[in-house]
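Inspection log for the structure reproduced underneath, given as structure tokens.
The values are calculated or read from the model by the stated rules, or taken from the named source; none is laboratory data. As the structure is a prediction and not an experimental result, all values here were calculated from the model. Cβ coordinates were reconstructed from backbone atoms using ideal geometry, including for glycine residues, and neighbour counts include every protein chain displayed. For the accessible areas, the whole protein counts, side chains as well, though only heavy atoms, and no ligand, DNA or RNA atoms are used. Shrake-Rupley method; radii C 1.70, N 1.55, O 1.52, S 1.80 Å.
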Amino acid sequence: MILTKARELNGVIRVPGDKSISHRAVMFGAIAEGITTISGFLPGEDCLSTISCFQKLGVAIERDGEHVKVHGKGLSGLQEPKEVLDVGNSGTTIRLMLGILANTSFHCTVIGDDSIGKRPMKRVTEPLRSMGARIDGRANGQYTPLSIRGGGIQGVAYTSPVASAQVKSAVLLAGLQAGGATSVTEPEKSRDHTERMLRAFGCDVKTDGLTVTIEGGQELQAAHVEVPGDISSAAFFLVAGAIMPNSKITLRKVGLNPTRTGILDVLKQMGASIAIENVQNEAFEPYGDITVETSSLKGVEIGGALIPRLIDEIPILALAATQAEGVTVIKDAAELKVKETNRIDTVVHELQKLGARAEATDDGMIIYGKARLQGVQVSSHGDHRIGMMLAVASCIAEGETNLQQAEAVAVSYPNFFEQLKELQQESPR
Ligand code: S3P
């Protein structure tokens with residue numbers, strides 16, 4: 001895809017639904033009693049993989065654009081699939097689904113694409129095995145293909161070595177079906193969409209600092225889920241609006257769950273002009289309108305407990321850092337190495353191609369600011385967030401940027417390029 005430098009970005013858009021919440025709404029609806037209705041569902045490839053896996057597990061799911069109806073089967077109503085369950089590129093689908101399958105009496109084989117084949121699964125297969133689930137797979141269950149036959153699982157008190165909502169959720173979803181109580185303790189707090197949604201489906205979930213506890217044997221009751229816009233998708237336009245001249249962008253109904261808003265804290269700390277209005281729905285998943293305007297940014301240090309709150313936004317934050325005054329240091333982010341790509345390497349490598357000064361470190365990166373970017377051939381490496389970061393970079397890069405594997409953005413943001421174009425065509429403010 002050939003992308004050219006933009007003059008300015010102006011307008012009001014609604015970013016697609018939150019990916020994490022869309023996955024969970026389908027999965028929890030599938031194992032609930034009754035019919036779950038979802039509005040604002042993200043029709044990205046990852047969430048469509050979740051729908052297709054649960055259809056293969058015998059759940060009737062109808063979708064009309066962003067509206068989804070899930071005919072729940074209850075906790076023990078899933079059926080043995082006739083085919084392998086293919087999660088595509090989706091880490092959330094595979095890890096949460098393994099937790100759900102941990103107590104089923106039947107057999108399943110789970111596969112994904114090349115990227116999924118490289119991502120660590122031991123972080124979920126190990127605790128699930130310790131609960132009694134029978135899981136096998138490549139390299140002793142570290143990688144896909146995996147096969148699982150659940151049943152007779154017992155609650156566990158699990159201390160996770162990583163702050164991962166996928167690990168936490170997999171263990172809690174197994175715990176829901178296990179004998180006794182299950183708790184998960186994390187080193188830092190990861191996103192809490194699972195806890196919030198389980199409560200909305202009528203479950204009792206206790207949170208005490210970094211530990212979440214659930215009693216086994218609780219039935220989920222179907223609910224209506226209104227999915228807010230994805231702050232991880234909004235992030236691309238938040239940075240675009242801040243780094244482009246003469247720009248003002250309003251993003252409507254963006255999710256503002258505090259476990260996800262690290263990007264807002266960091267952009268504000270960098271000096272970005274950001275305003276949040278019309279905050280609603282605080283009891284379940286808060287959302288509001290965010291407006292960003294052209295800003296002069298300065299470098300910052302990002303690490304510690306902030307990292308899980310912005311882990312998916314680091315590629316686009318790195319681009320912001322190339323336009324800031326001074327140096328930006330990102331640390332404590334070794335998890336980036338096991339995302340859809342090794343995002344430390346892909347971010348640094350692609351930014352360097354565009355003329356930025358960036359260095360990879362063991363657990364993050366160092367970016368030197370005020371770089372003049374020059375359009376060249378770059379690649380998403382099949383990673384949606386790298387693709388969108390590079391598309392935003394093309395708006396400020398001189399000349400033409402040739403983005404290879406641009407189609408990867410459909411994993412989380414099918415209409416990204418249309419919205420980017422729309423903002424370029426709006427009349428100046
Ligand atoms: C997700 C959790 C995060 C995030 C991913 C979605 C989720 O992964 O990077 O895009 O929906 O639970 P980890 O929990 O593995 O860090």
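Structure notes:
- Test: residue in the stretch 64-75 that is surrounded by 18 or more Cβ atoms within 10 Å (Cβ to Cβ), under 19 Å from ILE31 (Cβ atoms) and within 14 Å of the ligand (Cβ to nearest atom): no
- Scanning the stretch 208-249 for residues that are of a type in the set (Ser, Thr, Tyr) and touching a helix residue (DSSP H, G or I) at 6+ places or on another chain (Cβ under 6 Å) yields SER232, SER247.
- Pairs are defined by a Cβ separation below 9 Å, a sequence spacing of at least 6 or placement on different chains, a first member in the stretch 58-72 that is within 20 Å of GLY17 (Cβ to Cβ), and a second member that is open to solvent by 90 Å² or more (accessible area, probe 1.4 Å) and among the acidic types (Asp, Glu); the pairs so defined are VAL68/GLU62; LYS69/GLU62; VAL70/GLU62.
- Subset of the stretch 361-371 [buried (at least 17 other Cβ atoms within 10 Å of the Cβ) and more than 14 Å from LEU317 (Cβ to Cβ)]: ALA371
- Checking each residue in the stretch 260-280 for being part of a helix (DSSP H, G or I) and either without any contact (Cβ under 8 Å) to a residue 12 or more places away in the chain or surrounded by fewer than 19 Cβ atoms within 10 Å (Cβ to Cβ) (or both) picks out ASP265, LYS268, GLN269.
- Filtering the stretch 281-309 to residues that are part of a strand (DSSP E or B) and either of a type in the set (S, T, N, Q) or under 17 Å from the mean Cα position of the chain (by Cα) (or both) leaves TYR287, THR291.
- Residues that are among the small types (Gly, Ala, Ser), open to solvent by 30 Å² or more (accessible area, probe 1.4 Å), at pLDDT 95 or above and farther than 22 Å from CYS47 by Cα are absent from the stretch 103-117 altogether.
- Of all residue pairs spaced 6 or more apart or on separate chains, none has beta-carbon atoms under 7 Å together with a first member in the stretch 311-324 that is within 16 Å of the ligand (Cβ to nearest atom) and a second member that is at pLDDT below 95.
- Flag: ASP332 does not match the condition of being modelled with pLDDT of 95 or more, charged (D, E, K, R) and open to solvent by less than 40 Å² (accessible area, probe 1.4 Å).
- Matching entry among GLN323, GLN374 (being in contact with a strand residue (DSSP E or B) (Cβ under 7 Å, 6 or more places away or on another chain), farther than 22 Å from GLY112 by Cα and open to solvent by 10 Å² or more (accessible area, probe 1.4 Å)): GLN374
- Restricted to the stretch 123-140, and to residues there that are under 12 Å from LEU98 (Cα atoms) and open to solvent by less than 10 Å² (accessible area, probe 1.4 Å), the residue that is nearest to the ligand (Cβ to nearest atom) is VAL124.
- Of the residues making up the stretch 59-86, those that are touching an Asp or Glu at 6+ places or on another chain (Cβ under 8 Å) and in a loop (DSSP other than H, G, I, E, B) number 3.
- Boolean, LYS5 is more than 16 Å from the ligand (Cβ to nearest atom) and either basic (Lys, Arg) or under 15 Å from VAL110 (Cβ atoms) (or both): yes
- Only a single item in (1) among the aliphatic types (A, V, I, L, M); (2) within 26 Å of ALA6 (Cα to Cα); (3) open to solvent by 60 Å² or more (accessible area, probe 1.4 Å) is not met by ALA283, and it is number (2).
- Selection count where residues are of a type outside the set (Gly, Ala, Ser), within 18 Å of the chain's Cα centre (by Cα) and open to solvent by less than 50 Å² (accessible area, probe 1.4 Å), scope the stretch 391-414: 3
- The set of residues from the stretch 303-317 being surrounded by fewer than 23 Cβ atoms within 10 Å (Cβ to Cβ) and of a type in the set (Val, Ile, Thr) comprises just one member, ILE311.
- Matching option when the condition is touching a Phe, Trp or Tyr at 6+ places or on another chain (Cβ under 9 Å), under 22 Å from LYS82 (Cα atoms) and touching a residue at least 60 places away in the same chain (Cβ under 8 Å), among GLY44, GLY29: GLY29
- Output for the stretch 8-46, where each listed residue is under 18 Å from ASP230 (Cα atoms), more than 13 Å from the ligand (Cβ to nearest atom) and assigned to a loop (DSSP other than H, G, I, E, B): ARG14, VAL15, PRO16, GLY40, PHE41, PRO43
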